[in-house]
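Colleague: The structure follows.
The values are calculated or read from the model by the stated rules, or taken from the named source; none is laboratory data. Everything numeric here is computed off the predicted structure, so don't read it as measured data. Glycine also receives a Cβ, built like all others from the backbone with ideal geometry; neighbour counts cover every protein chain displayed. Ligands, DNA and RNA are excluded from the accessible area calculation, which covers all protein heavy atoms including side chains. Shrake-Rupley method; radii C 1.70, N 1.55, O 1.52, S 1.80 Å.
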Amino acid sequence: MDIVKAVHTYLARLVTEVPGMKVLLLDAHTTPIVSLAMTQTELLSHEIYLTDRIENQTRQQLNHLNCIAFVRPTRQNIAHLRAELAQPRYGSYWLYFCNVLSKQQIEEMATADEYEVVKEVQEYFADYLPHYPSLFSLTNAAVTDGGDDPPNPPIYLPPPLSIPPPTLSTHAHTLLSLLLSIKKRPVIRWEKMSAGGRALAHEVRGAMGTMPYRELFGFKPTSGSAPLLLILDRRNDPVTPLLSQWTYQAMVHELVGINNGRVTVESENRQDLRDLVLNPASDSFYAAQLFSNFGDLGAALSAYVQSYQARTQSINNPKSMETLADMKRFVEEYPEFKKLGGNVAKHVSLVGELSRIIERDELLGVSELEQSLAANESHAADFKNVMTMIQSPRIPASNKLRLAILYALRYQKLSGNAITSVVDALIENGVSADRARLVYVTLNLAGADQRQDDLFMNESIFSRGKSALKGLKGVENVYTQHTPHLAQTLDLLLKGRLRETSYPFVEGDEYARTQRPQDIIVFMLGGTTYEESRTVALLNQQLAGQTRIIIGGSYVHNSKSFLDMLSNAAEHYPPSVYGPPASLGASGGNTSVSSLGNTASASAPPPPPTHAPALNLRAGGYELSVGGVAGSGLYRASGAPGGIAASVQLDGLRDGAKSFFGNLRDRVETTVQRVGTPRNGDNNA
């Protein structure tokens, strides 16, 4: 189930079937699809000498060229094609559509083809963005423009509508296109808390059983267990898209932004290093380091630079070109060497930009607190640290807001939380009131009352105990303690323990409840993330072909796009969405900053019996505290010497990480100054 290969196969067939010199006409929807799947060099090798947009009415008359049109089958595009065929600009036309055509649309184009210039009409099911072999998403045009209708409303609307009909239709068509491209007819499950997920599951199931899709899904089913389409909802895990990232691809998207495989480095003065292309298919270094953490990335980049320097010295050595054979070898290898130089310069520039942003925004400290909020329960210490970060003038407003939302999500149900005080502190320290109220918007749209799972493992004594025991195992890196909720969901699914009460089957698919699916398509309504994509990719490596998993979503989020999505959705809700949830309670909503300013920190001994933890276990001079005012943690038993046993290890990890990243930054900056930066090589379409 390689979706990049599936789309590339369609496009390769499309450009090779048409003879001679060609022009390629695209629309706003198909342009990024082609850009991600094929490079400009590859298009040129198939005699595609001109690429243009179907809506461009100023195109020249070029009768000596054949025309390939690859567009979405919308009313506007059919109208553009009818106008094109009525007054042809090119010799012949091959028309390809990325999804199903209706009979009426075919008749309209046939009527307009008075000059009989159309040679072929085909449906090629490449109606999605292939980011990676196991990651796909809808195009931005599909999510926002509404196709033949006015622009789409947000994905999330108030009940009972939940998901608007045009958005539902767009998502269903994308999923149907994906399933047809990989030739899978799956059984379908959805996350029960998601009304939109339920509607999408039934929409896809209904379409597979009715025309025109019924005949298209008539291919022979796969042997063994049926494939599974699992539809999840972003609101059941709002934490993952809010966290700072420390793996290469996810870091670039969070700190700089990846838009259809392209990155713009705003601080770069050189134009050839300002607009960059990141595509694993054409960039071997990026493909190899896609999921590497920042530390491993620094080491790999250093080795990459040294390899380039060694080749530079070899080529510049006069003794290396003493014979005609040496000169021939140089001419043959120089294009590849020049491309290597451009690639080295690109990644040195990009890693240098990441390092600059990390230092400027003090992301090491911010990320450490984010991970603590996401993975550990320690209210007093977390509240104190969140307030310190919010009051710091060096922390950007966007990072303050993320910390406040993470605090609110974790401690929403804690009696005595200080969510209102945190929101007030945001406004007092440079965050606009419109942005600060996103704390309440997030709680109302994706808070504990909307989620079906115990995301933080803190809603019962048993989950608190499980969370605390998990924390005793320690962590290799304080910046990567969090694992996406998706990992737990997939683990339960693979073990056959994903409860049908929480993830029901579409009616008629219950026969598959005893099967272990070998092919799993996960779709995240509301958008997925690169961190979740990494989880799936690493799981695929671990399963070694026994089970194959791909993941997709409405978007591929970073924290900004996720909060923008919630903000846009909130505009369609009653005004109460901008206030504290009713379940927050008076004690949680009105606690003042001063009343919690002297609360015992997480390093204090367990609180008095009147505020006792929910669970206390003693063994060998240590006490495991679960819940209570001071939070969960491992302490020395009362009277035993010393403080918290785990604090020494955590401090050492923290100091070591800071030292490591500081050394890495110095090394990258030195490399940037030392290495020459030839021009970029191959670019995408």
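Colleague: Please report, to two decimal places, log10 I(q)/I(0) for segment 1-119 at q = 0.15 Å⁻¹ as given by the Debye formula with identical point scatterers on the Cα atoms and no solvent.
Modeller: -0.65
Colleague: Okay, next question. Quick one: length gained pulling SER45 to LYS338 fully straight, 0.36 nm per residue minus the C-alpha distance? Present the calculation step by step, with values, prior to reporting the outcome.
Modeller: Numbers: separation 293, 0.36 × 293 = 105.48 nm, distance 1.95 nm.
Between SER45 and LYS338, full extension yields an extra 103.5 nm.
Colleague: Once you have the Cα-Cα distance between SER302 and ASP454, take 0.36 nm times their residue separation minus that, and quote the gain in nm to one decimal. Don't jump to the answer; show the numbers that get you there.
Modeller: On the way: separation 152, 0.36 × 152 = 54.72 nm, distance 4.24 nm.
Additional length available on full extension: 50.5 nm.
Colleague: Going through the cross-link list LYS384/LYS413; LYS5/LYS183; LYS119/LYS220; LYS22/LYS119; LYS400/LYS560, which pairs have a Cα-Cα distance over 20 Å in this structure?
Modeller: Working: LYS384/LYS413 18 Å; LYS5/LYS183 13 Å; LYS119/LYS220 30 Å; LYS22/LYS119 14 Å; LYS400/LYS560 13 Å.
Checking Cα-Cα distances, LYS119/LYS220 exceed 20 Å.
Colleague: Over the Cα atoms of segment 174-260, what Rg and Dmax result, in angstrom?
Modeller: 17.0, 46
Colleague: Stick to Cα atoms and the Kirkwood definition of Rh, then tell me Rg/Rh for segment 475-544.
Modeller: Values: Rg = 14.1 Å, Rh = 14.0 Å.
Rg/Rh: 1.01.
Colleague: Take the Cα gyration tensor of segment 517-586, multiply each eigenvalue by 5, square-root it, and list the three semi-axes largest first, rounded to whole angstrom. Kindly include the intermediate steps, with their values, before the conclusion.
Modeller: Numbers: eigenvalues 241, 36, 24 Å².
Those come to 35, 13, 11 Å.
Colleague: Beta carbons within 10 angstrom, averaged per residue: use that to sort the peptides 167-178, 33-44, highest first.
Modeller: Answer by packing, highest mean first, reads 167-178, 33-44.
Colleague: Continuing with the same structure: At a 10 angstrom cut-off on C-beta neighbours, averaged per residue, how do the peptides 429-441, 564-576 rank from highest to lowest? Display every interim value, and only then the final one.
Modeller: Details: 429-441: 18.2, 564-576: 15.2.
In decreasing order of mean packing, 429-441, 564-576 become 429-441, 564-576.
Colleague: Provide the convex hull volume over Cα atoms per residue for segment 109-160, in Å³. Let's see the in-between values first.
Modeller: Values: hull volume 9.0 nm³, N = 52.
Dividing the Cα hull volume of segment 109-160 by its residues yields 172 Å³.
Colleague: Which whole-percent values make up P(r) of segment 22-87 when all C-alpha to C-alpha distances are grouped in 10 Å steps starting at zero?
Modeller: Spelled out bin by bin, segment 22-87 gives 19, 55, 25, 1 percent.
Colleague: Could you tell me what percent of the accessible area of segment 513-578 is made up of carbon and sulfur, with a 1.4 Å probe and every protein chain present?
Modeller: Details: 1230 of 2670 Å².
Answer for segment 513-578 is 46 percent, counting heavy atoms of protein chains only.
Colleague: With no solvent and one point per C-alpha, what does the Debye sum give as log10 I(q)/I(0) for segment 238-299 at q = 0.12, 0.24 Å⁻¹?
Modeller: -0.32, -1.13
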